[in-house]
């Protein structure tokens, strides 16, 4: 599991400088100067850190075969040299979301909210990776990570704006938006 377990460490160290942090829905978090992304198990809170958010990568949920193939074909890799901007958006959904059966969540996720269809419109300008924290007992169900070039900052803002207006977002009960710039 160590290559699938990611730790987003907020503190004074790391290649990502925090240039913005906003509580979109629900309580915020303690502000930090920098963010590091580490894989594997951590023995404790790294020196100079204030918090750690953990999540694991998993299979693509709520997708059919064609959507999965389109995502694979269009998804750029993380870590591209030109992608010096990033966003970490931790999200928790309500108990009413998790009480829905899988097929009803899929209907809201794609048939109504068009989450995958919308995301595909913004690829390959924006690279993304989803981390699941719910089954780890973490405070956020999802840690969404995006990377993009400064030239695509407005494109990213459009993506986030469109997704936040969907039916799916009616189930979000906590969301924090970190904006970052890679510096080293």
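Structure values in brief
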| item | result |
| --- | --- |
| Inverse mean reciprocal Cα-Cα distance (Kirkwood Rh) of region 38-120, Å | 16.2 Å |
| Value at 222 nm in deg cm²/dmol, rounded to 500, when DSSP H runs of n ≥ 4 in the chain each add -39,500 (n - 2.57) | -5500 deg cm²/dmol |
| Gain in span if fully extended, residue 12 to residue 111, counting 0.36 nm per residue against the direct Cα distance | 31.4 nm |
| Burial ordering of 16, 98, fewest other beta-carbon atoms within 10 Å first | 98, 16 |
| Taking 107, 39, 144 and counting other C-beta atoms within 10 Å, the order from fewest to most | 39, 107, 144 |
| Prolate/oblate/rounded label for region 128-184 (Cα gyration tensor, a/c 1.5) | oblate |
| Neighbour-count order for 164, 54, 114, fewest beta carbons within 10 angstrom listed first | 164, 114, 54 |
| Efficiency of FRET between residue 102 and residue 169 - r from beta-carbon atoms, R0 25 angstrom, step 0.05 | 0.85 |
| Space enclosed by the convex hull of the alpha-carbon atoms of region 74-161, per residue, Å³ | 109 Å³ |
| Length added when fully stretched, residue 75-residue 157, from 0.36 nm per residue minus Cα-Cα | 27.7 nm |
| With eigenvalues of the C-alpha gyration tensor scaled by 5 and rooted, region 68-112, Å | 29, 17, 7 |
| Residue with peak Gaussian network fluctuation, the chain [Cα springs, cutoff 10 Å], from 111, 149, 83 | 111 |
| Cα-based helix-to-principal-axis angle, 65-74 vs the chain, degrees rounded to 10 | 40 degrees |
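Here, each number is a calculation from the coordinates, and none is a lab measurement. Values in this document were obtained by computation on a predicted structure and should not be read as measured data. For neighbour counting, all protein chains shown are included, and Cβ atoms are generated from backbone atoms with ideal geometry for every residue, glycine included.
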